[in-house]
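All remarks here apply to the structure that follows.
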Amino acid sequence: MILQVISVSLGAQVKTISFLPYLENERIIKDSSQYAENAHENISISTLKFYVSKIYFYKSGKKVFEETNSFHLMDWDEKMSFHVSVKNEFDEVGFSIGIDSATNVSGAFGGDLDPTKGMYWTWQSGYINFKIEGTSPICKTRNHAFQWHIGGYKYPNTTIQEIKLRCTTKKDIVVVVDLKELLEQSSLVEHPEVMSPSKQAVHLSSIFKTCFSIAP
């Protein structure tokens, strides 16, 4: 299932960027049990949401385009698209996972930043940068559920992460979001619920950053 489609206009050409969820090199099927090595048994993902903001394009290490008012909510249950006119060629795409501090302190907004999207705590805690929910047999919680609502914009609990990906394909771009590393390097047993800014939230955000790659 495509989380979000971003249509980028390169002059008269339209290039599509798709975000796809994976687990250990297999597409994640919502609410279906799939094998996860660190869980020793099947794991099920029911919710996956995250903010992509501050989209940049680079050519030979130089920024050639930056999207203004760039806040896009990737939601497994929705599909959205938008067009950006970029005249320059590019070989890298960059973006942030999460909402910057300036936007957080400015208060909630409409569109993808609307609190009704379920990605906003309070003015003190700000936005949830990414949210993952599911079940695993190793979770010692009710119904074996785990919930990671990761946010925080104040030091030392800043969780926004910047990503830059090499992009040499002439075809439409597919960004793979493979949760394998996140599930392997975190502890569902010790931390099945992370629901506020904290040291553990920062740790999870740094791992989540490594989950993104351009599909060959």
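Annotations
- Estimated translational diffusion coefficient (Stokes-Einstein, Kirkwood radius over Cα pairs, 20 °C, 1.002 mPa s) of the range 105-185: 136 µm² per second.
- Dipole size of the chain about its Cα centre, with +1 on Lys/Arg Cβ and -1 on Asp/Glu Cβ: approximately 520 debye, rounded to the nearest 20.
- The sum of -39500 (n - 2.57) across all DSSP H runs of n ≥ 4, divided by the residue count of the chain, sets its helix-only mean residue ellipticity at 222 nm to -2500 deg cm²/dmol.
- Nearest 10 degrees, 0 to 90: helix 199-208 Cα axis against the chain principal axis: 50
- Diffusion coefficient (Stokes-Einstein, Kirkwood radius over C-alpha pairs, 20 °C, 1.002 mPa s) for the chain: 120 µm²/s, rounded to a whole number.
- The phi torsions of the range 146-160, fed into the Karplus equation with coefficients 6.51, -1.76 and 1.60 and a -60° offset, translate into couplings of 10, 9, 10, 10, 9, x, x, 10, 9, 4, x, 9, 7, 10, 5 Hz, rounded to whole numbers, with Gly and Pro shown as x.
None of the figures in this text is laboratory data; all of them are computed from the coordinates on show. Every value quoted in this text rests on a predicted model; they were computed, and no experiment measured them. For neighbour counting, all protein chains shown are included, and Cβ atoms are generated from backbone atoms with ideal geometry for every residue, glycine included.
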